[in-house]
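Values in this text are rule-based calculations from the coordinates and carry no lab data. Given the structure is predicted, the values throughout are model-derived calculations rather than measurements. All Cβ positions, even for glycine, are placed from backbone atoms using ideal geometry, and neighbour counts span all protein chains on display.
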Amino acid sequence: MKAALVEQIGQPPAAGEVAEPQRSEGQALVEVTAAAINPIDISISLGRFYGGSPDVPYVMGREAVGRVLEGDKLEPGAQVWFQNPVPGGFAQYVLADEDRAIVLPDGTDHGLAAALGIAGLTGWLAVEWRAHVRAGERVLVLGATGVVGSVAVQAARILGASPIVAAGRDADALAGAEAVGAHASVTLAGASAADTAALAERFRQAAGGPLDVVIDPLWGSPAEAAVQAAGYSARVVQLGQSAGAEAKLRSGDIRGKSLALVGFTLGHVPQDKTQAAYIRLIELSSSGELRVERETLPFDWVGEAWRRQQDSPHRKLVLVP
């Protein structure tokens, strides 16, 4: 069967051939119809993921959408979204854990379903489930020009947060964040550890006061500034390191504000919470209340998608057969 193979760590994947997977009890054999590429796929293929990388060659991809061909619990023909704990989703046929696969509502567009998977769930659940955002709270979303950040901005808006501040490197792309719900934006271009205090003040001014919640897929100096701008009993949700693997935080900012710094990984979310959030995202997107920019690419362009994902395309890249 056709699959996207990483032959060497640090090199782009390419379409190749592998043996079809053999189903075991509790697994469904799924014919893939759409698969989204994610930053975690890039991190694993470059050897930068904290959880390590598989031995090469391996099939790339942590999530996919498709039709069930065989299963113990899932009926043939059922349309599902699923993610796996190990890569392997970018293939013609993939095995899915039946207990963790989510059946799509009738009529769901498979490209949309793929775009709302890991990225959509991360953006939504970081705000709703991990930060417990409440109406009227001041929220800062770092990396708001990416898909995760855009969904986080919209989640904060839907949950009643105000004001919502979007921050990112691309000033033009920040206009998109304001179009979907951000009340103000802060450009991070040129920000460094040397001007952390100045950046923190810009965050406070944009929010009209100390921050209640920070959604952070960046870490590095933007996170340092966000912690300084946070108010008493603020919550900082850390879910990525696009701006650096390390951040220097002052003890006084943590203790003196009773600040809660919590991590977020989608794999740690209970299945019932994941399923409820995913179905809600599909409903919100289908009604137009939540928007996700996406672009569909043919499966054979997986190497191109890999390269473009590293340049922060500000949209979800979805591979289709």
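Remarks
- Each Cα pair under 8 Å and six or more residues apart adds its separation to the average, and for segment 212-321 the resulting relative contact order is 20 percent.
- Angle in degrees between helix 147-158 and the longest Cα principal axis of the chain, rounded to the nearest 10: 60
- Relative contact order, percent, the chain [alpha-carbon distance under 8 Å, six or more residues apart]: 17
- One equal scatterer on each Cα of segment 219-291, no solvent, Debye formula: the resulting log10 I(q)/I(0) at q = 0.18, 0.20, 0.23, 0.28 Å⁻¹ is -0.83, -0.89, -0.95, -1.15.
- Here's the picture: charge each Lys and Arg Cβ at +1 and each Asp and Glu Cβ at -1 in segment 121-266, and of GLY143, THR265, ILE254 the one pushed furthest to the positive end of that dipole is ILE254.
- Per-residue Cβ neighbour rank within 10 angstrom, fewest leading, ILE215, ILE102: ILE102, ILE215
- Backbone geometry of segment 125-130 corresponds, through the Karplus equation with coefficients 6.51, -1.76 and 1.60 at θ = phi - 60°, to 3J(HN,Hα) couplings of 6, 4, 7, 6, 8, 8 Hz, x marking Gly and Pro.
- Under Stokes-Einstein, with the Kirkwood radius over Cα pairs as Rh, the value for segment 121-266 at 37 °C and 0.692 mPa s is 229 µm²/s.
- Helix axis angle, 196-207 relative to the chain longest principal axis, alpha carbon, degrees: 90
- Helix axis angle, 220-229 relative to the chain longest principal axis, alpha carbon, degrees: 50
- Residue order, fewest to most beta carbons within 10 Å, for ASP99, ASP216, ASP195: ASP99, ASP195, ASP216
- Beta bridges by DSSP in the chain, antiparallel share as percent, to the nearest 5: 50
- Its residues counted as N, the chain yields a C-alpha radius of gyration over 2.2 N^0.38 Å of 1.00.
- Value at 222 nm in deg cm²/dmol, rounded to 500, when DSSP H runs of n ≥ 4 in the chain each add -39,500 (n - 2.57): -8000 deg cm²/dmol
- Cα centroids of segment 121-153 and segment 231-290: 7 Å apart.
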